[in-house]
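Please see the structure below; I have some questions.
Throughout, read-outs are computed from the coordinates displayed, never taken from laboratory work. Being a predicted model, the structure only gives us computed values, none of them experimental. Note: ideal-geometry Cβ built from the backbone for every residue, glycine included; neighbour counts use all protein chains shown.
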Amino acid sequence: MVQYLRTRLDDSFAALSDATRRGVLEQLGRSDASITDLAEKFQMTLTGMKKHVDVLEGAGLVTTEKVGRVRTCKLGSRRLEEETAWLERYRQLWDSRFDELDKVVEELKRKEKIYGRKKRK
Amino acid sequence: MDAKRESEPTAMKDRTTVERKSERELVVTRTINGPARIVFEAFTKPELLRRWWVPKSSGLSLLSCDADVRVGGRYRLVFAHGASKPMEFYGRYIEVTPHSRLVWTNDEGDDGGAVTTVTFEEKGGKTLLVMHDLYPSKEALDASLAGMEGGMRETLEQLDELVVTLGASAGRS
């Protein structure tokens, strides 16, 4: 999970390192837009813009939705997704911690059976 | 006819739950297969605590583990994480009720940290553990979740700032 989060951060920084992509985020901050709109605004080919949007989407900074033949882009819900990921990571940490605790408790129970409760300090 | 009880085995899966009860509260629950007396012992004897608190899968190793479990007593855990600086977690116990309740503070943060309350509830030879963390603010809980791997918090804050800056400049037309 550490690796997962790190990868996500790397993706985010990589996504933000490009001036066009920062411009796209600014644009989407004003209003949602289709890839065609964005391509026109930034004077790019559709394919070129699609690549940028893919990078932003991969980093969770942008989400896209296809309705009919138009793909609409909007700012992503990075924070919400991250909170969910964090909680799951936290749950996994405790889950493996408690698995180890279960082992320790099993061992203490066995010892108690053998030596009796009183003798073991 | 009644020989098959298929639903039972799956009921034991994913026994650990985590819930953000409110902006400032995080609750972890789990049932441990043993009486409260033994589970409490595993929480309060440092030599036992150190055997389970740091699971191998976490990538951390425990350098030292001291716990003076009595009201006002202190604990200190030091972890190594790869090549980065060791991380320290410390605080003091503010309530110790044998076999049923433990409360400790988490003092390693800059400003007030969370207060952790653990309750041990025995039922039929098993113990339901409820770990309740109360943070001083929503921001403190957010930061704690984000910073769990140490150092990540700063990175995320920087990223957030950057995104906020971008959002703000987008607002100006």
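Loop-only trypsin sites (Lys or Arg not before Pro) in the stretch B:44-148, please: DSSP not H, G, I, E or B, and at most 11 other Cβ atoms within 10 Å.
B:70
Can you give the net charge of the other residues whose Cβ lies under 9 Å from the Cβ of residue B:66, counting K and R as +1 and D and E as -1?
+1
To continue, here is another question. Using only atoms on other chains, find how many Cβ atoms lie within 10 Å of each Cβ of peptide A:100-113 and report the average.
6
While we're looking at this one, here's another question. Along the Cα→Cβ direction, 7 angstrom out, place labels at residue B:101 and residue A:47. What is the inter-label distance in nm?
With each label point 7 Å from Cα toward Cβ, the separation is 6.9 nm.
Still on this structure, please answer the following. If you take every residue apart from residue B:128 with its C-beta less than 15 Å away from the C-beta of residue B:128, what net charge results, scoring Lys and Arg +1 and Asp and Glu -1?
Summing Lys/Arg as +1 and Asp/Glu as -1 gives +2.
Could you tell me which of the pairs A:103/B:85; A:51/B:21; A:74/B:21; B:56/B:138 are separated by over 32 angstrom between their Cα atoms in the structure shown?
Cα-Cα > 32 Å for A:51/B:21; rest within.
Say each of residue A:87 and residue A:67 gets a label point 7 Å from the Cα, pointing the same way as Cα to Cβ; how far apart are those two points in nm?
In this crude label model, residue A:87 to residue A:67 measures out at 2.9 nm.
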